[in-house]
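One structure is given here, and the rest of the page talks about it.
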Amino acid sequence: MSNSKLKNTLWSLPVALLAAPAVLAQGQQDFSQVQIKVHQVSGNVYYLEGQGGNVGVLVGDDGVLMIDDQFAPLSEKLVAAIRTISNKPIRMLVNTHVHGDHTGGNENFGKMGIDIIAHDNVRVRLARGVNGGAASPAVALPVVTFGDTMSLHLNGETLTVGKLPPAHTDGDSYIRFANADVIHAGDVFRTVGYPGVDGNNGGTVKGTIDALQALVDLAGPNTKILPGHGVVSTREDVAAFRANTIEAQRRVNELIKQGMTLEQVVAANPTADLATKFATSGPPPDDAATLRFLTGFYNALKSEL
Ligand SMILES: [Zn+2]
């Protein structure tokens, strides 16, 4: 597993394994080779692929809106990539959830005077410090927070930023672009691996299944769904991901009811055949990813039974 891949998935390790917060220090990862690729999703909606979560971008005469901001060392590269599609000021930044590969640039963008927007729980968790990490400075915190849904109006577009059930975390938001017919799903949906349930940050399996259904209900037949990680997908792709999540839930629950420990469930690897169904883009999950997934799922399901 590459260092960068490890970094991206560290959030889901059991807390005990994160006893040394230094593991998360950004200095350990070399971002110098990361290149930002610009992809058009639809109309004036784009996404930036670099290291970390997909960055949604809305451009137009009113200015630029960003969704998520990857890691702090990449902020300048992200701005440079945005400059290839717009020369207007960056005005707003929405965080889909609290994880560092989506909020790592907040301090840099906050210092540029860009208004950061997120669900209430994202601000609370960033202010407290995530997974034992340092508290975010005030400038990195969302200045606009919401509880249920809010609307943004710029560039002729109407955006709905809405809370999803506690799925990947307890601060997951979707961002829906009504005119472009695009939804940024954050990490509730991804095409590069298993569903991620971060119980330490309020995520649940039941909420994941409900949130995926909410995304399916929000989408139309032609809606382009941008995952937190991976490639632009369809409503059917999200529905399939949900069905596989339900099947994984059923299988792990069965083993829990049989009294299996986490170690026994990991040894049984009950979701082996689902791995490539979840990861429809990129390489199949490796053993470490499977271990993290089963650990997160097992712990969440034990508390949900
Ligand atoms: Zn995440």
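Only the coordinates and a few stated rules stand behind these numbers; no lab work does. Keep in mind that this is a model prediction, so the values were computed, not measured. Positions of Cβ are backbone-derived with ideal geometry, glycine not excepted, and every protein chain shown enters the neighbour counts.
Our analysis of the range 68-188 gives Rg over Rh at 0.95, with the two radii drawn from alpha carbon positions and Rh computed by the Kirkwood formula.
A simple rule links phi to the HN-Hα coupling: the Karplus curve 6.51 cos²θ - 1.76 cosθ + 1.60 with θ = phi - 60°, which for the range 210-220 gives 5, 5, 5, 5, 4, 5, 4, 5, 6, 8, x Hz, with x for Gly and Pro. Sorting the segments 197-205, 138-146, 209-217 by their residues' average number of neighbouring beta-carbon atoms within 10 angstrom, most packed first, yields 197-205, 209-217, 138-146. Close Lys pairs in the range 23-176 (alpha-carbon distance under 20 Å; sequence gap of 8 or more, or different chains): 5. Measuring from centroid to centroid over Cα atoms, what is the spacing of the range 215-244 and the range 49-78 in Å? About 21 Å separates the Cα centre of the range 215-244 from the one of the range 49-78. In the chain, helical runs assigned H by DSSP with n ≥ 4 each contribute -39500 (n - 2.57); averaged across all residues and rounded to the nearest 500, the mean residue ellipticity at 222 nm is -10000 deg cm²/dmol. For the chain, DSSP calls about 70 percent of its internal beta bridges antiparallel.
Remark: relative contact order (the chain) = 14 percent; criterion is Cα-Cα distance under 8 angstrom and separation of 6 or more residues. Note that the range 128-142 has calculated 3J(HN,Hα) couplings of 8, x, 9, 6, x, x, 5, 5, 6, x, 4, 5, 8, 8, x Hz, one per residue in order, obtained from phi through the Karplus relation 6.51 cos²θ - 1.76 cosθ + 1.60 (θ = phi - 60°); glycine and proline are x.
Counting only lysines at least 8 places from Lys302 when in the same chain, those with an alpha carbon closer than 19 Å to its own are Lys206, Lys257. Extension gain, Glu236 to Leu305: 0.36 nm times the residue separation minus the Cα-Cα distance gives 22.0 nm.
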